[in-house]
Amino acid sequence: MTKVITYGTYDLLHYGHVRLLERAKALGDYLIVGVTAEDFDRSRGKINVSQSLMERIEAVRATGIADEIIVEEYEGQKIDDIRRYDVDIFTVGSDWVGKFDYLNEYCKVVYLDRTEGISSTQQRNEKCAIKLGLVGESNVVNKFAREAEYVNGIELSGVCAQDDKFLSEQVKNLDRVTQDYKELLEKTDAVYIISHPSKHYEQIKLALENGKHVLCESPVALEKQQCRELYALAKEKKLILCDALKTAYSMAYFRLLLQAKTGCIGKIICVEATCTSLSEKIEENEQEFDFSWNSFCSWAPTAMLPVFHLLGTNYKKRNIVTKLLNEEKHYDLFTKIDFVYDDAVASIKVGKGVKSEGELIISGTKGYIYVPAPWWKTDYYEIRYENAENNTRHFYQLDGEGIRYELVTFVKAIESGNIKSNMYMDEEISLAISKLVEEFENDIDITKI
């Protein structure tokens, strides 16, 4: 018996896939098909796969061509599989010519010509075709423009900025920069907003009223009621409104949440998160200092993220202590928030004028999870125990600081039309963030030092 093995993502299975599988089967008597897992796809840069692993496996199974289906989960697995299954022939599409020649040491390698004129990438592009507009005066706009190029189905339709001094030459050269927000809305399907938080409510509301999906940097609004109103409007219009906290979309962060919730460190008793950065002009010379985003709006939403994800938003009480640089503009150099829950506590520190170690520590009754600085760009974390021999380390690739994954989630939510399809950020957390921002901005039970 001649055994043949091949691998693929098989996203949106099409005629080209089927023809390739048929020709692979014709090379021998028994065909093994490896379907790549989501994590491995991410490590190879394929971050916008439309279907889940189980959907793709079932699609391959339904062809009736494969004699056996396995899951590809790690680099180097092909060699292991060839040995384990006593494979005679490895085959893959001709667009990989030369890539797998090293496998000739273990079996025969055959590259098959692909069916011209059809691909999953083409299908995704045709299916999505979402025109995305960028709004705001921040160098993050440049990052989004750059990262959008890696996500199939997104077309950058323009940028709205009142001041283009932060925009890169790449963005300026798009020849689609305008100061007129309504003009941008006319040529978009969706917008990403990173304007000053005071503008979020009006800009999101106008976008939703004009039938546009919205991805907005946190806080969504400076008042809880405004935030609630915007989510209600999105539901009424059957549109997607996503909170753009990119940390929430990183695979490492998501996985550490899942592991923490399984009880691997016991009952969670304390969550501590620190997010700080220093401005180039942080001296007391206030006339030179840029008061655009204060420390609270810049960092508190990110720092609150693991607290609310792990302990929930129903805390019993909270205590906010802040050090203001400019009271009139409500610009804080540093702010500390302590939360008290029924059976747990949490503490966050944020600042744009005070520097501290930007780590995340989740303490439990059996052990703790440690994420080194800068934890909000999570690609690695450790689970530590009293007996260090039991410690484990976890690594996950992070591309584009999480922006790519955030955009993919946004696109999938729009495609599905499911306003609850975002598993990374939900309305409850956005509302809790807006509530605390509102209390901070209005000096409600705030201690100033």
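The values are calculated or read from the model by the stated rules, or taken from the named source; none is laboratory data. Note that the structure is predicted; figures quoted are calculated from it, not measured. Don't worry about glycine lacking a Cβ; one is built from the backbone with ideal geometry, like all the others, and counts go over all protein chains shown.
Scanning the range 296-311 turns up no residue that is crowded, with 19+ Cβ neighbours inside 10 Å, in contact with a strand residue (DSSP E or B) (Cβ under 7 Å, 6 or more places away or on another chain), at pLDDT below 95 and part of a helix (DSSP H, G or I). Just checking, does the range 360-368 include any residue being over 19 Å from the mean Cα position of the chain (by Cα), among the charged types (D, E, K, R) and surrounded by fewer than 21 Cβ atoms within 10 Å (Cβ to Cβ)? There is at least one residue in the range 360-368 that is over 19 Å from the mean Cα position of the chain (by Cα), among the charged types (D, E, K, R) and surrounded by fewer than 21 Cβ atoms within 10 Å (Cβ to Cβ). Any residue in the range 379-389 that is surrounded by fewer than 17 Cβ atoms within 10 Å (Cβ to Cβ) and in a helix (DSSP H, G or I)? Yes, there is a match, as at least one residue in the range 379-389 is surrounded by fewer than 17 Cβ atoms within 10 Å (Cβ to Cβ) and in a helix (DSSP H, G or I). Across the range 395-411, a minimum of one residue is classified as closer than 29 Å to ARG228 by Cβ, surrounded by 14 or more Cβ atoms within 10 Å (Cβ to Cβ), in contact with a Cys (Cβ under 9 Å, 6 or more places away or on another chain) and hydrophobic (A, V, I, L, M, F, W, C).
Please give the number of the condition THR91 fails out of (1) at pLDDT 95 or above; (2) under 28 Å from MET251 (Cβ atoms). So THR91 meets the others, but not (2).
Annotation: of all residues in the range 381-437 being at pLDDT 90 or above and of a type in the set (Lys, Arg), the one that is nearest to LEU239 (Cα to Cα) is LYS435.
Considering each residue of the range 229-241 in turn, at least one proves to be assigned to a loop (DSSP other than H, G, I, E, B), on the phi < 0 side of the Ramachandran plot and in contact with a Phe, Trp or Tyr (Cβ under 9 Å, 6 or more places away or on another chain). Among the residues making up the range 176-212, those that are in contact with a Phe, Trp or Tyr (Cβ under 8 Å, 6 or more places away or on another chain) and in a helix (DSSP H, G or I) are PRO197, GLN203, LEU206. Filtered by the rule that a residue be in contact with a Ser or Thr (Cβ under 8 Å, 6 or more places away or on another chain) and not hydrophobic (A, V, I, L, M, F, W, C), the range 358-375 gives GLY358, GLU359. Scanning the range 56-90 for residues that are in contact (Cβ under 8 Å) with a residue 24 or more places away in the chain, over 16 Å from HIS17 (Cα atoms) and under 31 Å from the mean Cα position of the chain (by Cα) turns up ILE70, VAL71, GLU72, GLU73, TYR74, GLU75, GLN77, LYS78.
Of the residues screened, ALA234 is one that is crowded, with 18+ Cβ neighbours inside 10 Å, in contact with a helix residue (DSSP H, G or I) (Cβ under 9 Å, 6 or more places away or on another chain), of a type outside the set (S, T, N, Q) and closer than 18 Å to ALA190 by Cα.
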